[in-house]
Amino acid sequence: MRKLIFEVREKKITAKEILYNDIYVKNSFDMEVILSSFGAGIKSIKIKDKDGKLKEMTLCPEDEDLFYFVYHGKTIGRTSGRIKDATFSLDGKVAHLDKNNFNTDNLHGGKEGLNRKNFTYKVSSLKDHLDVIFTYFSKDQEGGYFGNVNIKVTYRIFDFENKIQIIYDATSDCKTLLNLTNHAYFNLSGDPFICANGQRLYIAASKYGALSKNLIVEDIVPVTKEMDFRTPHLIKDYIDEASLHQVTNGYDHPYFLDKPGLDYLAAKLYSKESGIALEVRTTYPCVIFYSNSKSNKPFIVNGVDYSLLSACCLECQFHPDGIHQEKERNGVFSQDNPYHEVIEYSFFVEG
């Protein structure tokens, strides 16, 4: 019986003189995963398609210097999404965060979030899975957040099924805020020349977050026709609706799950070209669906610009501005209430 195999490859971000490691893992179904210590992220997931050909499921830049700047596949934090006015308070302490969203709000943990940190790691091989465990110590006042926080991100790669769990754990020396996610860009066709908006999407949510002009959640409202993915349909079916171009270019919205938990399907993406489906389950209450319909700069791989619509994101997390809008399940944790959340990706060929 073959066990999961792995190897470590050293990489360098030349412009920043940062040495980091890629961890390559292959399971018994020939799923290949490349994880990065820089940003504790996913660089690549390859799955066999309906014809038995190995296809790339994610989009990540090959250029190491560009990889430094992007969110693609990385751990986002200390908080993911947008926090109104880049500030929050807990137990008399006030956090003043980077204003990197319209120079007013905080986005994805600020200018130097976890996506730009080099994590330490270890690999633990067990009977039916392999754990790649990334750890990082975030000091008090890093990025404006208070509390000394020990962060652990475990990628659990299963051997006899094409399944990956991302397990987030953290402890702190005081009550503080944390909202970790993974920012993988998926295109299940395996061909970045084929737009991801032609793939079929299901999201198990009857409510979504209506957004302000700064893309801050203003209200949680019932899904409308163009926002409803409870009956699976192609991403592009309603992407040109005027309502999706008032403050966003396409989808960039939080969906609030009807039933969070690993026993329930949160979202499903399917490509008819490859026959590959992705099922997403999570303990988080929210999934941000981003259709990648806007880009501020080119995203070049092998001379081709894959900036727009080449992939989409399903970011499982808490309400992005939950610290201001939710009394529970908002990312607040403490010494007595450690942080523990899970995201699960399962790939299979549907036909």
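Each value in this text was obtained by applying a stated rule to the coordinates, not by laboratory testing. Note that the structure is predicted; figures quoted are calculated from it, not measured. No Cβ is skipped: glycine too gets one built from the backbone with ideal geometry, and neighbour counts run over all protein chains shown.
Those residues that are under 21 Å from the mean Cα position of the chain (by Cα) and either of a type in the set (Phe, Trp, Tyr) or farther than 20 Å from residue 266 by Cα (or both), I need them from region 218-235; list them, please.
Listed by number, the list holds a single entry, 229.
Give the residue, chosen from 24, 20, that is over 20 Å from the mean Cα position of the chain (by Cα) and assigned to a strand (DSSP E or B).
Matching residue, one of 24, 20: 20.
Residues of region 314-351 being more than 21 Å from residue 263 (Cα to Cα), acidic (Asp, Glu) and surrounded by 22 or more Cβ atoms within 10 Å (Cβ to Cβ), which ones?
321
State which residue is nearest to the chain's Cα centre (by Cα) when the search covers only region 172-183 and only residues that are within 23 Å of residue 42 (Cα to Cα) and part of a strand (DSSP E or B).
182
Of all residues in region 257-281 being out of contact with any Phe, Trp or Tyr (no Cβ under 9 Å at 6 or more places or on another chain) and among the charged types (D, E, K, R), which is farthest from residue 313 (Cα to Cα)?
Among them, the one singled out is 263.
List, please: which pairs have Cβ atoms under 7 Å, are six or more places apart or on different chains, and start with a residue in region 34-49 that is over 12 Å from residue 153 (Cβ atoms) and end with one that is hydroxyl-bearing (Ser, Thr, Tyr)?
Once the first residue is over 12 Å from residue 153 (Cβ atoms) and sits in region 34-49, its partners that are hydroxyl-bearing (Ser, Thr, Tyr) give 34/24; 34/44; 38/20; 43/36; 44/58; 45/58; 49/274.
Table: residues versus (1) assigned to a loop (DSSP other than H, G, I, E, B); (2) β-branched (Val, Ile, Thr); (3) touching a residue at least 12 places away in the same chain (Cβ under 8 Å); (4) under 23 Å from residue 9 (Cα atoms).
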site	(1), (2), (3), (4)
65	no, no, yes, yes
85	no, no, yes, no
99	yes, no, yes, no
111	yes, no, yes, no
132	no, yes, yes, yes
150	no, no, yes, no
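Each row is one residue, and each column tells you yes or no for (1) of a type in the set (Phe, Trp, Tyr); (2) touching a helix residue (DSSP H, G or I) at 6+ places or on another chain (Cβ under 6 Å); (3) surrounded by 20 or more Cβ atoms within 10 Å (Cβ to Cβ); (4) over 21 Å from residue 317 (Cα atoms).
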| residue | (1), (2), (3), (4) |
| --- | --- |
| 74 | no, yes, yes, no |
| 88 | yes, yes, yes, no |
| 112 | no, no, no, no |
| 115 | no, no, yes, no |
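Do you know which residues across region 1-32 are within 20 Å of residue 121 (Cβ to Cβ) and among the basic types (Lys, Arg)?
Residues satisfying the conditions are 3, 9, 11, 12, 16, 26.
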